[in-house]
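Following: one structure in structure tokens, then a few remarks.
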Amino acid sequence: MVGDWSFSSRTFKLSTGLLFLSSILVTISFFTPYWLQSFSTPKLPNPKFTNLGLWHACFNGFHDKGHQYEVKFYGCRHVLLEEYDIIRSELIKPFFVATQFFFTICFVGMLIAIGLVLMYLLCIDDYYRVKVLRWIGFDLIVAGACGTIALIIFGAQGDGRDFMPDWEQNYLSWSFGLAFVGVVFMYVVAVLFIVEARIMQRKEIARESQEKQQYPMERTV
């Protein structure tokens, strides 16, 4: 029930608050096109590549490396749109697909954790509360691990010479930073939920032991 929130421990409230913060950071990072960004310099005042996210790429006169087509790309579009077919091999590198895959799992894991927290507050029986808290913790550890893999892959190759043009001007940007902070919070929240589950389990054991001491003559058949 919703009233359970007011009786929840500080650890649970802190965990839920940090999960909410982490979900905001990961969601913003997931949908914004600033994982990689190019900055103009006196030598390169108008870079052909401007910025890139997991699902959108932005260009300013970009063309295919082989100059096989006279098409130039301007503005931001979804990376899977048909307009980008002629530069698909340049844009959708294997490491980029791996980044999309692992960070999508991270995002889905975060949504599952939010669903489990809502289930814990609204409709779960007391018997399953410890188990649900553990499920949330382990789910966030898996999600955080997938997010970590995505960040390592993109951080190692995203600003390399084999990806976007003028690679010397390309830098990891704020969407990548938000993803990093969000994933770190996932690990913290996972530990807090597992700790809360352990505390609750100990309280249940202590309560059962106390009840047995109060009624020593009762025996289960």
* Structure fact -> For the chain, longest principal axis from Cα atoms; helix 94-122 axis from its Cα atoms; angle between them, nearest 10 degrees, is 30 degrees
* Surrounding net charge for residue 58, when Lys and Arg each add one and Asp and Glu each subtract one, Cβ distance under 12 Å -> +2
* Structure fact -> For region 37-86 the mean separation of alpha carbon contacts under 8 Å (6+ apart) over residue count, i.e. relative contact order in percent, is 27 percent
* Structure fact -> Taking a straight Cα-to-Cα line shorter than 25 Å from residue 93, and setting aside same-chain lysines fewer than 8 residues away, one finds 48, 65, 72
* With each run of n ≥ 4 DSSP H residues scored as -39500 (n - 2.57), what mean residue ellipticity at 222 nm is computed for the chain after dividing by its residue count and rounding to the nearest 500 deg cm²/dmol? -> -20000 deg cm²/dmol
* Asked: Measuring with a 1.4 Å probe in the full set of protein chains, what accessible area per residue, in whole Å², belongs to the chain?
  -> 58 Å²
* Structure fact -> Relative contact order as a percentage, the chain, C-alpha pairs under 8 Å and 6+ apart, gives 29 percent
* Structure fact -> Carbon/sulfur accessible area of region 19-60, % of total, 1.4 Å probe, equals 69 percent
* **Cα gyration tensor shape of the chain, rounded if a/c is under 1.5, else prolate or oblate by comparing a/b with b/c** => prolate
* Going by accessible area, probe 1.4 Å, with all protein chains left in place, what is the ranking of 142, 184, largest first? -> 142, 184
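The values are calculated or read from the model by the stated rules, or taken from the named source; none is laboratory data. For clarity, every value in this text was computed on a predicted model and none was experimentally measured. Cβ: placed from backbone, ideal geometry, glycine included. Neighbour counts: every protein chain shown. Only protein heavy atoms, including side chains, enter the accessible area calculation; ligands, DNA and RNA are left aside. Shrake-Rupley method; radii C 1.70, N 1.55, O 1.52, S 1.80 Å.
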